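Shown next, in structure tokens, is the structure this report addresses.
The values are calculated or read from the model by the stated rules, or taken from the named source; none is laboratory data. Please read all numbers here as calculations on a predicted model, not as lab measurements. Reconstructed Cβ throughout: ideal geometry from the backbone, glycine too, with neighbour counts over all protein chains shown.
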Amino acid sequence: MLSPAVQAQVALFEERIQYYRSQGLKIFASSSFQSHSIPMLHLISQVDKSIPVVFLNTGFHFPETLVYRDQIAELLGLALLNVKSPVSKLAQRDSDGRFLYATDPDHCCYLNKTLPMEEVLLEYNVWINGVRRDQSSVRKGFALESPGPHNTLRFHPMLDWDSRMIWEYSRFYELPQHPLEALGYFSVGCAPCTRCVTDAQDGRGGRWAGMKKTECGLHTELGG
Ligand code: SF4
């Protein structure tokens, strides 16, 4: 049986989705398909499988992530939506021909994440995403619901989950883990910008290692 803390979060999720539906709002979710994304994806599959789940396909993901994404989408029967940047990869190089992730990662994230997400947001009213307070100092200050761009509402159902709750939920439902997690990748983003880390408590420490960058812009430039 799930702990009372997790049961309360499950009930909260169900209640909010029913409320949005009762208001006639168009809902979508986004996910980067990591191990810690799985409880939210499973909840969607239990409550309303018709909610589209957007995967921002930057073209720079690990092959393992793409395989895992497809495995999870099939297992849970998700309405997966692969979304790509409208800007071609040829146009994503600097004057020396280098990809922007090496020279201007903020702009690379803008072109491959923020820009395509803006287009998605124009079509929906509610954006469900899995940010958690314990992931970064920026996310710590987030609210359960907050205004997003283009008159959308951001809903953060995982905000108060911690890694123990995620582990409990995933284990209870026997949900598969991202294959790279066992190799020390506790937060898996694009391959050029992800390193494995030795400290699981500092999961996002492997993202943009050696740079000041800690966020891709989805949860800063697009509200929060
Ligand atoms: S995480 Fe790295 S490769 Fe991916 S969009 Fe951002 S800068 Fe580009």
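For the structure I just gave you, tell me whether residue 82 is of a type outside the set (Ser, Thr, Tyr), surrounded by fewer than 16 Cβ atoms within 10 Å (Cβ to Cβ) and under 29 Å from residue 9 (Cβ atoms).
Answer is yes for this residue.
Could you please find all residues in the stretch 4-16 being in contact (Cβ under 8 Å) with a residue 40 or more places away in the chain and touching a helix residue (DSSP H, G or I) at 6+ places or on another chain (Cβ under 6 Å)?
Result: 6, 13.
The conditions are (1) in contact with a Ser or Thr (Cβ under 7 Å, 6 or more places away or on another chain); (2) in a helix (DSSP H, G or I); (3) closer than 19 Å to residue 112 by Cβ, and residue 41 fails exactly one of them. Which is it?
If we test residue 41 against (1) in contact with a Ser or Thr (Cβ under 7 Å, 6 or more places away or on another chain); (2) in a helix (DSSP H, G or I); (3) closer than 19 Å to residue 112 by Cβ, just (3) comes out false.
Inspect the stretch 86-107 for any residue being modelled with pLDDT of 95 or more, crowded, with 19+ Cβ neighbours inside 10 Å and under 29 Å from residue 25 (Cβ atoms) and give the result as yes or no.
no
I'm trying to understand the selection: among the residues of the stretch 60-77, which are farther than 24 Å from residue 123 by Cα, within 16 Å of the ligand (Cβ to nearest atom) and assigned to a helix (DSSP H, G or I)?
63, 64, 65, 66
So is residue 120 surrounded by 14 or more Cβ atoms within 10 Å (Cβ to Cβ), at pLDDT 95 or above and farther than 26 Å from residue 181 by Cβ or not?
Answer is yes for this residue.
Can you tell me how many residues within the stretch 188-224 are modelled with pLDDT under 75, within 14 Å of the ligand (Cβ to nearest atom), of a type outside the set (S, T, N, Q) and under 18 Å from the mean Cα position of the chain (by Cα)?
The total comes to 8.
Restricting to the stretch 45-59, name every residue that is within 16 Å of the ligand (Cβ to nearest atom) and either part of a strand (DSSP E or B) or buried (at least 17 other Cβ atoms within 10 Å of the Cβ) (or both).
Within the stretch 45-59, 54, 55, 56, 57, 58 meet the criteria.
For the stretch 8-30, does any single residue satisfy the condition of being of a type in the set (Ser, Thr, Tyr), in a loop (DSSP other than H, G, I, E, B) and at pLDDT 95 or above?
Within the stretch 8-30, none of the residues are of a type in the set (Ser, Thr, Tyr), in a loop (DSSP other than H, G, I, E, B) and at pLDDT 95 or above.
Could you go through the stretch 27-36 and let me know if any residue there is farther than 30 Å from residue 87 by Cα, more than 16 Å from the ligand (Cβ to nearest atom) and among the aliphatic types (A, V, I, L, M).
No - not one qualifying residue is present in the stretch 27-36.
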